[in-house]
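None of the figures in this text is laboratory data; all of them are computed from the coordinates on show. Since the model is a prediction, treat every value here as computed from it, not as a measurement. Don't worry about glycine lacking a Cβ; one is built from the backbone with ideal geometry, like all the others, and counts go over all protein chains shown.
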Amino acid sequence: MNRQRQLIIFIGPPGCGKGSLSQVCVQKLGWVQLSTGYLCRKHIAQKTEIGKQIDFSIKSGNLVTDELIVAMVEQWLGENVRDQGGVILDGFPRTIAQAESLQSLVQEKLQDCYVRVIQLGASDEVIMQRLLGRFVCENKDCQAVYSSHASSALTPQKSTICDICSSKLIRRDDDEEATIRKRLSTYYGYEQSLVDFYQRHGQEVVKINVEKQLDKVFEDFTKIIAERK
Ligand code: AMP
């Protein structure tokens, strides 16, 4: 089979820039981005039944159950995956059960995709600094991400207003120091087992150091996706 489009799986700690890099791919490459965190926050904002069930897990930095996440992913793939263009999975899979479900979903719905697994790495200090300076658009259909650090490429034009939809910028409930530490420890609890899972399945895991400006990270990313083995 001619596998034209790429399906990118990002493995990386919270705050490493998975979402921002995905957004650049959406804007510059016309790809689609599935962010399970975004879908979860939307459910919470819309006060759906799912939203009520997952609110506490998210605020405390724990993972949402595999069943709910896989159901959200399945629905999203059904509604959003077109015939062309790459697909980026931002924040999924996070457990082996999710990775196994994804293998089946790829066989059923994404047979034409060439799967790449990319591991994004940054130190805890850099992550902490980025997340403590992170602001997001309060409009749950937008959720654009900004930084209060002057050196970042993500500073908004007006400090409290979203450049895209003019809604207010707020801090995420889970971007508070104790919750960030919990999210990091949750991440380190599954990171290696996911990497091992893909390597066991013969899937190369390519690393990118993301302790640099977003445009440089995107440059590294484009080199990787240009290499088709
Ligand atoms: P993120 O926006 O990717 O940082 O995700 C925010 C929160 O959503 C996480 O801390 C989890 O509580 C939840 N979440 C997002 N994706 C997943 C997933 N694949 N599995 C379980 N929980 C998830």
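Listing for the model above:
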quantity	calculated
Selected from Thr179, Ala97, Trp31, residue furthest toward positive end of dipole (the chain; charges at beta carbon)	Trp31
Point-to-point label distance, Met128-Ala45, nm (Cα→Cβ direction, 7 Å offset)	3.0 nm
Vicinal HN-Hα couplings computed from phi for the stretch 9-25 (Karplus, 6.51 cos²θ - 1.76 cosθ + 1.60; Hz; Gly/Pro x)	10, 9, 10, x, x, x, x, 7, x, 4, x, 5, 5, 4, 4, 5, 5
Label-to-label distance, nm, for residues given as Cys142 and Gln4 (7 Å Cα→Cβ offset)	3.4 nm
Selection from Leu110, Gly51, Ile208 lying farthest towards where the dipole of the chain points positive, charges on Cβ	Ile208
Residue pairs, from the table Lys109/Lys216; Lys109/Lys207; Lys18/Lys212; Lys18/Lys42; Lys168/Lys212, whose Cα atoms sit over 23 Å apart	Lys109/Lys216; Lys109/Lys207; Lys168/Lys212
Charge dipole (debye, nearest 20) of the chain; +1 at Cβ of Lys and Arg, -1 at Cβ of Asp and Glu	380 debye
Estimated FRET transfer efficiency when R0 is 30 angstrom, pair Gln84-Ser151 (beta carbons, to 0.05)	0.25
Average Cα contact separation per residue, the stretch 1-144, under 8 Å, 6 or more apart, as relative contact order %	46 percent
Relative exposure of Phe218, Phe135, Phe56, judged by other C-beta atoms within 10 Å (fewest first)	Phe56, Phe218, Phe135
Å³ per residue enclosed by the Cα convex hull of the chain	120 Å³
Extension reserve of the Ala178-Lys223 stretch, reckoned as 0.36 nm per residue once the Cα distance is removed	12.6 nm
For the chain, with +1 on Lys and Arg beta carbons and -1 on Asp and Glu, the positive-most of Val81, Ile224, Ala150 along the dipole	Ala150
Nearest-20 debye value, the stretch 1-80 charge dipole, Cβ charges on Lys, Arg, Asp, Glu	340 debye
Extension gain (nm, one decimal) between Val26 and Gln199, 0.36 nm per residue minus Cα-Cα	59.5 nm
The chain - share of DSSP beta bridges that are antiparallel (%, nearest 5)	25 percent
Cα→Cβ-extended label distance, 7 Å offset, between Asn209 and Thr65, nm	4.2 nm
For the stretch 1-135, radius of gyration divided by Kirkwood radius, i.e. Rg to Rh on alpha-carbons	0.96
